[in-house]
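Nothing in this text is a laboratory measurement; each read-out follows from the coordinates by a stated rule. Because the structure is predicted, anything quoted here is derived from the model rather than measured. Neighbour counts run over all protein chains shown; Cβ positions are idealised from the backbone, glycine included.
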Amino acid sequence: MAKKRRLIIEEPEESYEFTPTEFNEREFILKDIYGTKVCLVTLAIGIAVGIIGGLLCRFGFSSGMDYMWIFATIISFAVAGLMTRILSRMGFRPDMLETKSMIGNYLIYLALALGICIIIANPPFTPLLRGGRPFTGSGRVFPVPQAEAESLCLCGIRSFSLQAGSPRRFFFRHE
């Protein structure tokens, strides 16, 4: 059985013409500069909170209060939650910025604050601030040059000992 031929009816093409909206270059530049200022203030707040948190952690670790890192983390997240109020008090209007810009500012703040807190609280800076020379063995301090003492301290090595009869074999102990 033969199929009937369908007649193809051409539909008239829609004529669509793109008309761009007016672009205000000055407004765009001012809004971008404003967003950059807010980002820089957020970075400064992140650095300050990170330093405060790192000092809290280091004070807690040296005093035997190992839970101080919880307070530092809570402070970091509390300041992030209050960021729009803090910026408002500083004279900025966070509502003028896009939501994705503010989310980016929050994430950059948290990464910077917690990162600086971790760096200050951990060994790259902690031994250098103690004054070096924590190396003891059998109750007496070995004469270790300052550069070697700092490099051993940065590795987390607190003491070492020599094996008798073999001047090149060292045993390091991590604490």
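Using only side-chain charges placed at the Cβ, +1 for Lys and Arg and -1 for Asp and Glu, the dipole size of the range 1-127 relative to its Cα centre rounds to 460 debye.
Counting 0.36 nm for each residue step from ARG6 to TYR67 and taking away their Cα separation leaves a gain of 13.9 nm. If the segment from ARG89 to ILE47 were pulled out straight at 0.36 nm per residue, it would be longer than the present Cα-Cα gap by 13.3 nm.
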